[in-house]
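*Asks:* Let me begin by handing over the structure; questions about it come next.
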Amino acid sequence: MYPFTYIKAKTNKDAIAAIGSNTNAKFIGGGTNIVDLMKMNIEKPHQLVDITSLDLKKIETLSNGNVKIGALVRNSDLAYHKTIAEKFPMLSKALLAGASAQLRNMATAGGNILQRTRCYYFYDTATPCNKREPGSGCSAIKGYNRMHAILGTSDKCIATHPSDMCVALSALDAIVHVEGINGERTINFLDFHLLPGDTPEKENVLQQGELITAIEIPSSSFAKNSTYLKVRDRASYEFALTSAAVALDIHNGTISNARIALGGVGTKPWRAKEAEQSLINKKATTENFSAAANVALKDAVTYKYNAFKPQLAKQTIISALQMIGGNNG
Ligand SMILES: Cc1cc2nc3c(=O)[nH]c(=O)nc-3n(C[C@H](O)[C@H](O)[C@H](O)COP(=O)(O)OP(=O)(O)OC[C@H]3O[C@@H](n4cnc5c(N)ncnc54)[C@H](O)[C@@H]3O)c2cc1C
Ligand code: SF4
């Protein structure tokens with residue numbers, strides 16, 4: 001590790017000012033990702049701005065029924081919050097499928113959105129990696145790529161986005177609230193993360209020094225009938241090979257609204273809108289779920305060690321939809 005300074009901000013404005021235009025400064029929330037990256041010399045901020053004293057720890061229901069989650073709400077508190085567990089079960093389940101109890105007690109909502117990929121080569125500073133060292137090459141494309149993405153990849157990077165929570169947020173059309181030197185703004189969650197393209201080091205649309213202050217989840221008719229299913233190599237403390245966050249609004253056996261988002265397969269949390277559309281006005285049957293799963297994976301591009309992923313992802317979608325498909329409203 002290397003020397004760096006540390007300050008603890010008391011207000012949003014202090015935190016934002018402390019980062020300012022200094023590209024060598026970073027916020028620290030729970031620290032469960034940034035500290036690992038610093039220890040491994042992957043990220044080298046010269047200044048850490050601790051934001052854990054900021055007043056961003058509330059979960060509140062707004063007058064329009066939307067739920068606003070402070071950026072510093074810990075993953076466990078969010079998962080077990082009554083409103084979240086009842087109104088957005090997919091989000092609660094996605095959070096509880098992530099990491100371990102200890103990590104969830106530390107990790108914050110804002111930090112979770114910004115966690116970086118778990119591509120082995122990204123963490124191995126002895127190997128080329130365009131995301132870590134732009135222009136150095138991608139070791140995964142011709143290397144060991146079993147956990148890598150099959151949707152949204154480029155010839156510069158095929159790393160998956162690792163977050164479980166983000167898959168649910170993508171299905172729920174969440175809105176990210178941010179604050180920076182130029183004031184406050186909101187970003188639709190689906191626009192927040194970027195595809196790797198030619199610049200895999202640029203992962204999101206945040207501007208220099210912007211602080212995530214909250215995540216807002218719109219009220220909806222479908223979110224109550226939702227779930228999150230994660231397939232992984234072991235039952236806990238493991239990232240997804242594939243996962244699906246799904247929701248269905250069903251009336252008299254016919255689907256009026258559907259949400260499907262995927263994890264473990266995309267270079268960003270992957271929303272399958274075309275697959276959702278294919279379910280509208282259809283019966284909630286395994287045959288229709290299967291057809292939707294085929295639509296969701298139709299553009300998949302596989303690599304040497306992850307050719308199993310499209311079929312596994314399809315089965316994950318079908319199984320998740322079957323889990324909620326019987327709850328006719
Ligand atoms: C062993 C292990 C297993 C894991 N398994 C899973 C898993 O299965 N599924 C899963 O989804 N996750 C998993 N995680 C990742 C974990 O969920 C993330 O590390 C965590 O959510 C990050 O939150 P944090 O508050 O600790 O972020 P930090 O480490 O504090 O910060 C992460 C990044 O976000 C920035 N940041 C933090 N808060 C803000 C803010 N409010 N505004 C702007 N920038 C901010 C920081 O500058 C940093 O760049 C695992 C982690 C570990 C170590
Ligand atoms: S997949 Fe992306 S993160 Fe992994 S080695 Fe290639 S460029 Fe780096």
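*Asks:* Select from region 1-24 the residues that are out of contact with any Gly (no Cβ under 8 Å at 6 or more places or on another chain) and hydrophobic (A, V, I, L, M, F, W, C) and write down the one among them that is surrounded by the most Cβ atoms within 10 Å (Cβ to Cβ).
*Replies:* This residue is 15.
*Asks:* Every residue in region 185-206 that is part of a loop (DSSP other than H, G, I, E, B) and either within 11 Å of ligand 1 (Cβ to nearest atom) or more than 23 Å from residue 265 (Cβ to Cβ) (or both), please.
*Replies:* 203, 206
*Asks:* Would you check if residue 248 is modelled with pLDDT of 95 or more and under 20 Å from the mean Cα position of the chain (by Cα)?
*Replies:* Criteria not met by residue 248.
*Asks:* Do we find that residue 32 is more than 17 Å from the chain's Cα centre (by Cα), outside the structural domain of residue 261 (by TED's automatic domain parsing) and either in a helix (DSSP H, G or I) or of a type in the set (Val, Ile, Thr) (or both) in this structure?
*Replies:* When the stated conditions are applied, residue 32 does not pass them.
*Asks:* Kindly list the number of the only condition in (1) hydrophobic (A, V, I, L, M, F, W, C); (2) without any contact (Cβ under 8 Å) to a residue 60 or more places away in the chain; (3) more than 9 Å from ligand 2 (Cβ to nearest atom) that fails for residue 129.
*Replies:* (3) is the only condition that residue 129 fails.
*Asks:* Does region 124-135 contain at least one residue that is within 22 Å of residue 52 (Cα to Cα) and touching a Phe, Trp or Tyr at 6+ places or on another chain (Cβ under 6 Å)?
*Replies:* No, that holds for no residue.
*Asks:* A further question follows. Could you list, in sequence order, the residues of region 254-295 that are in contact with a strand residue (DSSP E or B) (Cβ under 8 Å, 6 or more places away or on another chain), under 16 Å from residue 228 (Cα atoms) and not in a strand (DSSP E or B)?
*Replies:* Correct list: 264, 265, 269, 272, 276.
*Asks:* In this structure, is residue 176 among the β-branched types (Val, Ile, Thr) and in the same structural domain as residue 251 (by TED's automatic domain parsing)?
*Replies:* No, not satisfied.
*Asks:* Exactly one condition in (1) of a type outside the set (Lys, Arg); (2) farther than 21 Å from residue 265 by Cβ; (3) in contact with a His (Cβ under 8 Å, 6 or more places away or on another chain); (4) not in a strand (DSSP E or B) is not met by residue 209; state its number.
*Replies:* (3)
The values are calculated or read from the model by the stated rules, or taken from the named source; none is laboratory data. In this text the structure is predicted, and so the values were computed from the model without any measurement. Here Cβ is always computed from backbone atoms with ideal geometry, including for glycine, and neighbour counts include all displayed protein chains.
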